[in-house]
Amino acid sequence: MQTLDNNNVKLAQAMAHQDHHLSSFISTVDKRFNNVMSAVQKNHQDAIALSILAHRSMDAVEHEFVILSELIFRQTNVTAQLEKELEHVKLGIPLKSLSDGSCLFSSCSIAMTGDNRFVTELRVRTYVETVTNHEIYKATPNAPDFLDTSPSFDKSSLDCATPH
């Protein structure tokens, strides 16, 4: 009973830790999304002002086209950043997850396809990635800080590939 109780306490602590990470992730994404939206709005306002100025002064049209080109370039970059942030939001919030120990893989599969059909493929690809590049993962400066549920990296990789 004591072991069960200890395991329950550890599980509750791990869940609270993960909840903190999720809250932090969502807060960060929200801030970045707001920054990107502000930049898009500013670029839109700049484009409108530039358009009015170009119509009033035909002598300055060539110069204004250079500025407009820079605005379009910045707008393209901001749009790409917005699409990236929206993809992060999409991947970070699962619609439904099974309680079979595959919640990460289920969440990713649901975010990509709307169902769990790619859970096994995601699991296998993750395993292949960790085995193929294990030196890189082990050499990461903050590798000791990673929460490892297995006694070793190799055991952890095998656990990743095994459905629970």
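The values are calculated or read from the model by the stated rules, or taken from the named source; none is laboratory data. This structure is a prediction, so every number in the text was calculated from the model and none was measured. Cβ sites come from the backbone with ideal geometry, for glycine too, and all protein chains shown count toward neighbours.
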task = From L22, L86, L98, grab the single residue that is within 26 Å of V119 (Cβ to Cβ), outside any helix (DSSP H, G or I) and at pLDDT below 80.
result = L98
request  = Only residues that are within 17 Å of N77 (Cβ to Cβ) and small (G, A, S): list them for region 36-53, please.
outcome  = S38, A39, A47
ask   = Does S57 meet the test of being farther than 30 Å from L104 by Cβ and of a type in the set (G, A, S)?
value = yes
query = What are the residues in region 1-45 that are in contact (Cβ under 8 Å) with a residue 12 or more places away in the chain, β-branched (V, I, T) and farther than 30 Å from E70 by Cβ, if any?
reply = I26
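Within region 11-61, which residues are β-branched (V, I, T) and farther than 30 Å from E83 by Cα? Even if it seems obvious, please write down each step before you answer.
Looking only at region 11-61, we keep the residues that are β-branched (V, I, T), and these are 26, 28-29, 36, 40, 48, 52, 61.
Within region 11-61, V61 is the sole residue that qualifies.
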